[in-house]
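A short write-up of the structure that comes next.
The values are calculated or read from the model by the stated rules, or taken from the named source; none is laboratory data. Since we're looking at a predicted model, the values are computed, not measured. Cβ atoms come from the backbone with ideal geometry, glycine included; neighbour counts cover every protein chain shown. For accessibility, only protein heavy atoms count, side chains too; no ligands or nucleic acids. Shrake-Rupley method; radii C 1.70, N 1.55, O 1.52, S 1.80 Å.
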Amino acid sequence: MLEKRRFIQVIMGPRQVGKSTLMKQVVNALDIPFVFYPADAVPATQLSWISDCWNAARAKMRLENLKELILVIDEIQKINGWSEVVKKEWDTDTFYDVNLKVILLGSSRVMLDKGFADSLEGRFERIILPHWSYAEMRDAFGFTLDQFIYYGAYPGAAELIGDEDRWRDYVTGSIVDATINKDILINENIAKPALLRQTFELSAAYSGMELSFNKMIGQLQDAGNTTTLAGYLNLLSQAGLCCALNKYAIDLARKKSSIPKHQVYNNALKNIYCKPFAEAILDRSLWGRLFESAIGAHIMSNAYAGDYKVYYWRTNPGCEVDYVLEKNGRIVAIEVKSNSDAGNKGLMEFRTQFSPYLSLVVGDGGMKAEDFLSINPVDLFK
């Protein structure tokens, strides 16, 4: 914002990671006047609202004789066709040398990306905010590693963990319901909304584990076919809730045909369906699954900004690699160990077959979980 007007600045990230709070801190720290408009309550078809915001900002500049002004619009993707209007208004200011600097905030990655590709090429820069790391939750809220594994990384929920009912209500209402109802159902033609919600709940509950689409159909009501479930999981992934990882293989067709491994983007999304923290931490088998899911959530949360792909690998039971990261021809293999009993047979076999750029154990006998959960996984490719 201190530079000359050059690009629209776009702040992207899932719900409740602090985008609006960050913007408030930024504009209040500057000496540049600003105006802020949230699109939460605006009808999706009201395209003129964006132009109204823009014209109000221009009027403020003229009336107050301002040399520059920052216009911030939150949840811009909720307005259908927003990118064409933004392009028109931005280009008009560029032509007439209006020094109106623009920041757009959005939580629906798929809608924002589509708008950029369709209309705003060459006019914007992206800043992608992932979910918080363990180090950030520790430094800001005093989280222990166990608390991070169970309660996840939503800053707004951090002060509610002393009352698990309130914590679950917050994560369910402010994040899960809001994302599904406002970011997916409004923008997509979903034939079975109830099935979409059930798909998320089942996928989240199985985070860190493999579950075939056929078995999912057996556990879901009115499930339809595997293509429907795969499509719904793709939408849930684009919204930053959960995803289905393919098995790593050289052959693309084999990747696509594999049994998916489910993974949430924030472990809080898995544990709202889990037993209470005090009971879960004493259940060694369960805690091992929560531990692996937390490592996977950290990997997936940073995958979009880091531009790397994530898979798993398995040849047979006991010979597997929990997470395989791929970027620019380099492969990083990560095995998660929550106890010293588990061996590294899978990692050794994977090294033999694929010669990864880096292979890493996270947990007992390897890199400490605290350290791994504090770094950006894209740094592993350096």
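Can you tell me which of 22-31, 151-160 comes out highest on packing, and rank the rest after it, using the mean Cβ neighbours within 10 Å? Could you put the intermediate results ahead of the total?
Details: 22-31: 12.4, 151-160: 20.7.
Listed from highest to lowest mean packing, they are 151-160, 22-31.
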Exercise. Could you bin all the Cα-Cα distances of the chain into 10 Å bins starting at 0 and give me the percent of pairs in each, rounded to whole numbers?
Key: 5, 22, 29, 24, 14, 5, 1, 0
Quiz item: What's the angle, to the nearest 10 degrees (0 to 90), between helix 193-205's Cα axis and the longest principal axis of the chain?
Solution: 50 degrees
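Highest mean first, how do 60-70, 86-96 rank when packing is the count of other Cβ atoms within 10 Å averaged over residues? Mind showing how you got there, number by number?
Details: 60-70: 13.0, 86-96: 15.6.
Result, highest mean first: 86-96, 60-70.
Quick one: with all protein chains in place, what share of the accessible area of the chain is carbon or sulfur, to the nearest percent (1.4 Å probe)? Working shown, then result.
Numbers: 8690 of 17460 Å².
Ligands and nucleic acids excluded, carbon and sulfur give 50 percent.
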Self-check item: Distance between the range 54-108 and the range 170-208 - C-alpha centres, whole angstrom
Solution: 32 Å
Self-check item: Stokes-Einstein translational diffusion, the range 9-165 - Kirkwood Rh over all Cα pairs, 1.306 mPa s, 10 °C, in µm²/s
Solution: 92 µm²/s
Quiz prompt | Distance in nm between pseudo-label sites at L185 and E125 (7 Å out along the Cβ direction from Cα) | solution = 3.9 nm
Self-check item: Restricting the range 216-307 to chymotrypsin sites (Phe, Trp or Tyr not before Pro) in coil, as DSSP defines it, with at most 16 other Cβ within 10 Å
Solution: Y273
Quiz item: List the lysines whose alpha-carbon lies under 20 Å from that of K261, not counting same-chain residues fewer than 8 positions away?
Solution: K215, K247, K270, K309, K327, K337, K345
Practice problem: Determine the per residue accessible area of the chain with all protein chains present and a 1.4 angstrom probe, expressed in square angstrom. | Solution: 46 Å²
Quiz prompt | Per-residue HN-Hα couplings for the range 42-58 [Karplus 6.51, -1.76, 1.60; θ = phi - 60°; Hz; x = Gly/Pro] | solution = 8, x, 4, 8, 8, 4, 5, 4, 5, 5, 4, 4, 4, 5, 5, 5, 5
Exercise. Working from Cα positions, state the angle (0 to 90°, nearest 10) between the long axis of helix 345-354 and the longest principal axis of the chain.
Key: 60 degrees
Quiz prompt | the chain, dipole about Cα centre (Lys/Arg Cβ +1, Asp/Glu Cβ -1), debye to the nearest 20 | solution = 800 debye
